[in-house]
Structures are given as structure tokens and as C-alpha cells.
Amino acid sequence: MNKQNILVTGGAGFIGSEVIRQLVNDPSKHVVNFDKLTYAGNLENLKSVEHQENYSFVKGDICDEELLKKVFSEHNIAKVIHLAAESHVDRSILEPLLFVKTNLIGTANLLNVAKTHWNGDFENKLFYHISTDEVYGSLDFGTDLFSETTPYDPRSPYSASKAGSDHLVRSYYHTFGLPVVISNCSNNYGPFQFPEKLIPLCINNILNNKPLPIYGKGENIRDWLYVGDHANAIITILENGEKGETYNIGGDNEWSNLELVKILCRTIDEKLDRNVGESEKLITFVKDRAGHDLRYAIDANKIKNDLGWSPQYQFEEGIKLTVDWYLDQAEWLENITSGSYKTYYQKQYG
Ligand code: NAD
Ligand code: DAU
């Protein structure tokens, strides 16, 4: 059987690894995971699929043109799902240029290699960029939603670098006819998320009786989506998305940070038979994030109506699954805390 060869960049990260775990279930696809293994890349996330014959791993940087050219040729890449990025807003405040390099220059490099390799033969080809709702800026409290036509208004170095990369992707569609598609998703949560992001950070800290740092008053709102639902939306768009289009993905599931952290506290207190209210005592209000966007919320009607996607996980169920996973996978967290997850590549790939 002639397999469809798909390059997934950033496949060792939180969302990329879920996309790969879902994609390799289809034996007609061969998935090449291309990842630099920054602090956020963890090959332990792919233990369950690493021995499948339709999965390969290449350690590499999306800024490395020669290596990318080699991978496109050797694997005859037909489709790209581009997730590799620096993804954490707080880090972008500390180190903005790294975000410009990876998210903007890296994406430009990848676009160029795809264009050169496909050389005008765009049949059954696709360059799919995974982006964020943060490109649209910040909403006030209320009922306004981000739609696909909301003007871009990024406000952090992270979101500005993602906005810039979206513009580059569209420019390759309009200028060179490169078949592209973009999706902009809201906040994801679920297993395998690096414990710097709000939900896994708080789960880890509750388990270890450490303070739960809430920026400002905890009133900022995010629209949360289970990572399995995002990966499923990505595969739906990969198969059926219209070239040149943008799709917003979200969970219709808004919570303030304070409400969300209290839900985590209650869920864990119940699981561990702690006294109700025990974990909430750990909540600590700290200095606000610089330029902290107030509210994100997505109108996902386009992907629902045009492609028939909708989220399958209710929030309560998704949070329980997530908490259970972190409780069961103490070793995964421990390996990150100790840094030993960094040695996994060496062990597996020599
Ligand atoms: P993550 O930080 O968990 O993973 C990023 C991955 O990219 C890591 O495996 C890392 O090693 C790799 N990487 C970083 N720089 C690289 C480079 N130069 N070359 C090759 N690989 C590199 O991120 P995530 O949360 O899984 O997000 C994945 C993508 O989805 C990002 O593009 C992000 O902007 C986007 N996104 C994330 C969310 C979310 O809530 N996490 C929501 C919407 C969109
Ligand atoms: O909206 C999509 C975006 O969601 C993605 O593009 C990003 O890659 C992803 O990191 C996420 O960005 P956020 O900044 O919204 O996620 P984070 O988990 O860092 O923060 C969620 C909210 O919680 C935000 O309002 C900041 C707040 N926060 C975060 C941390 C880490 C705290 O109050 N305390 C914390 O310690």
C-alpha cells in the first residue's frame, strides 16, 4: 500500500503527541515526527506508539533548512502539520527573540522547504499551520467571541510571533499557490501537558502542597478544550479542510482562572479523600502577568457547520480524566521534575 507521508513538527510536545497518537491508528498514514526536543519536547509522550512501523522520529530544528530538505526527500512528504513552536506566554516575556526565531523564522523556513520540494506539484499536498486564538487579542468581559474574521491584534511576543507566522502561511497561499490551511484554537488541557501551564502546574502543586500562584485577581477568562478534541479537529481539517481557509476551534467553555483552580482543588480533594477546602488554602495571589489578556472565547461555528466537528468531552469529564492521569502518571511528572526525561532520546535512539 502507498502510504501518505505526513510530517508533524513539534510532535514530542503536548498537542503534537496527541495528534500523533491519533494519526498512527490509520495504517494508510506514515507519520514523521520532527522535533528539536527543547525543554518542552518529551519523547516519553510517545512511548505507546514509538515501535509502530508507521511512525518515525527525526531530531531537528525547523530553522535547519538542509535537514528539512533531506527529510522531505527521504520520506517524500505530502502533508505537513506544523505545531513546533515556543508556546508559553510567560517565557515569551522573558525571551522574546527566541519566539521570533522559532515561531516566525522557523515557519518561514519550513514553508520555503515545502514550496521548493513540491515544486509546483500541489496535488494531494497540504501545509497545515496550528495556531492560537491569542492572535485576535483580548476580549472584554461579556459575550463577544473571536470569529475567523476578527482582526488580528496580538499583544504578547508569543501571540505576535504566531500572528506573524499565520501571515507568512497565507502569503505563501496567495503568492505561490501553496495549499495551506490554518486553525486557531483556544486553551487546551489534558494528559502530557508540561507542568508550566496553569492546569498541570496547579495539579502538581496541589499534590505537593505547594502554593497555587494566581496572577492578579484570577478574573481573566480562558475557553478550555480537551486536547483529544483539538487533535480530532486537526485530523478533521487535515482530511476535509478547504485550502486557503481558517478554522477557529474552541470548547464553548469559559472559566475564570480562579474558578478553574477551585474546581481543580475540589476534584483533587475528593480523589484523595482530603477535607473539602483543604487544597483551596494553597491559592496565592501573585503579581499579574505583564500585558495579561483579559478574556479569550471562540466562535467555533464554522468548523462545526462546514466540517461536522464538535467537542466530545464535557468539561467535568475532561478535568476528571486529566486529574486521574496526573495522579496515575506520577513517574511522568517525576521524570520532568528531575530532568531525567531529557535522557530518553539517548536511551531509545542512541
Ligand atoms: P509544547 O510547548 O508542548 O510543544 C512544542 C513542541 O515543539 C516541543 O516538542 C518542542 O520540542 C518543539 N519545538 C520547539 N521549538 C522547535 C524547533 N525550533 N524545531 C523543532 N521543534 C521545536 O506546545 P503545545 O502546547 O503542544 O502547542 C503546540 C502548538 O499548538 C504550538 O504551535 C502552539 O502555538 C499551538 N497552540 C497551543 C495551544 C495550547 O493551549 N497549548 C492552543 C492553541 C494553539
Ligand atoms: O489560548 C491559547 C493559548 O493558551 C496557547 O496558544 C498557548 O500556547 C498556551 O500556553 C495557552 O496560553 P495561556 O497564557 O492562556 O496559558 P497558561 O496556562 O500559561 O495560562 C492560563 C491562564 O492562567 C492565563 O490567564 C494566565 C494564568 N496563570 C498562568 C500561570 C502559569 C496564572 O494565573 N498563574 C500561573 O502560574
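Values in this text are rule-based calculations from the coordinates and carry no lab data. All of these numbers come straight from a predicted model, not from anything done at the bench. Cβ atoms come from the backbone with ideal geometry, glycine included; neighbour counts cover every protein chain shown.
Descriptive notes on the structure:
- Just so you know, the Rg over Rh for the chain is 0.95, from Cα atoms, with Rh as the Kirkwood radius.
- Under 5 Å from the amide H of Thr132 lie the amide H atoms of Cys185, each residue being 5 or more positions distant or on a separate chain, with H modelled from the backbone and absent for Pro and chain starts.
- In sequence order, the range 164-169 has phi-based couplings of x, 5, 4, 4, 4, 4 Hz under the Karplus curve 6.51 cos²θ - 1.76 cosθ + 1.60, θ = phi - 60°, and Gly or Pro positions carry x.
- Within the shell defined by Cβ-Cβ distances under 14 Å, the residues around Asp288 carry a net charge of +1, with Lys and Arg each +1 and Asp and Glu each -1.
- Across the range 72-87, coupling constants 3J(HN,Hα) worked out from phi with the 6.51/-1.76/1.60 Karplus curve, θ = phi - 60°, read 4, 6, 4, 9, 6, 5, 9, 9, 10, 10, 9, 10, 4, 6, 7, 10 Hz, and Gly and Pro carry x.
- Cα long-axis angle, helix 106-118 against the chain (0 to 90 degrees, to the nearest 10): 30 degrees
- The range 111-178: GluC sites (Glu not before Pro) in DSSP coil with no more than 11 other Cβ atoms inside 10 Å: Glu123
- Electrostatic bookkeeping for Val135 treats Lys and Arg as +1 and Asp and Glu as -1; over the other residues with beta carbon under 13 Å from its beta carbon, the sum is -3.
- Sorted peptide list for 208-216, 85-93, 186-194, criterion being average Cβ within 10 angstrom, highest first: 186-194, 85-93, 208-216
- Of interest is the spacing of the C-alpha centroids, which for the range 52-106 and the range 1-41 amounts to 12 Å.
- Cα-based shape type of the range 195-350, given that a ≥ b ≥ c are square roots of the gyration tensor eigenvalues and the cut on a/c is 1.5: oblate
- Only Lys, Arg (+1) and Asp, Glu (-1) charged, at Cβ; the chain dipole about Cα centre in debye: 740 debye
- Karplus-derived 3J(HN,Hα), 6.51/-1.76/1.60, for each residue of the range 298-307, Hz, glycine and proline x: 10, 9, 9, 5, 5, 5, 5, 6, 7, 10
- Fraction of antiparallel bridges per DSSP, the range 196-350 only, in percent to nearest 5: 40 percent
- Long-range amide H partners of Phe146 with built H, under 5 Å: Ala297, Ile298, Asp299
- Annotation note: GluC sites (Glu not before Pro) in the range 34-79 located in DSSP loop regions with a Cβ neighbour count of at most 10 within 10 Å are Glu53.
- Calculated FRET efficiency for the pair Asp328/Arg274, C-beta based, R₀ 25 Å, to 0.05: 0.90
- In this label model, Lys304 and Ala290 are separated by 3.8 nm, measuring between points 7 Å along each Cα→Cβ vector.
- Taking a ≥ b ≥ c as the square roots of the eigenvalues of the Cα gyration tensor, the range 1-135 is oblate, since a/c reaches 1.5 or more and a/b is not larger than b/c.
- Among the chymotrypsin sites (Phe, Trp or Tyr not before Pro) within the range 17-94, those in coil by DSSP and having at most 15 neighbouring Cβ atoms inside 10 Å are Tyr39.
- Angle in degrees between helix 198-207 and the longest Cα principal axis of the chain, rounded to the nearest 10: 50 degrees
- Cα centroids of the range 127-178 and the range 191-265: 18 Å apart.
- Acute angle (nearest 10 degrees) that the helix 257-271 long axis makes with the longest principal axis of the chain, alpha-carbon atoms: 70 degrees
- Cα gyration tensor category, rounded, prolate or oblate, for the range 7-62 with a/c compared to 1.5: prolate
- Looking at the chain alone, DSSP beta bridges between its own residues are antiparallel in about 10 percent of cases.
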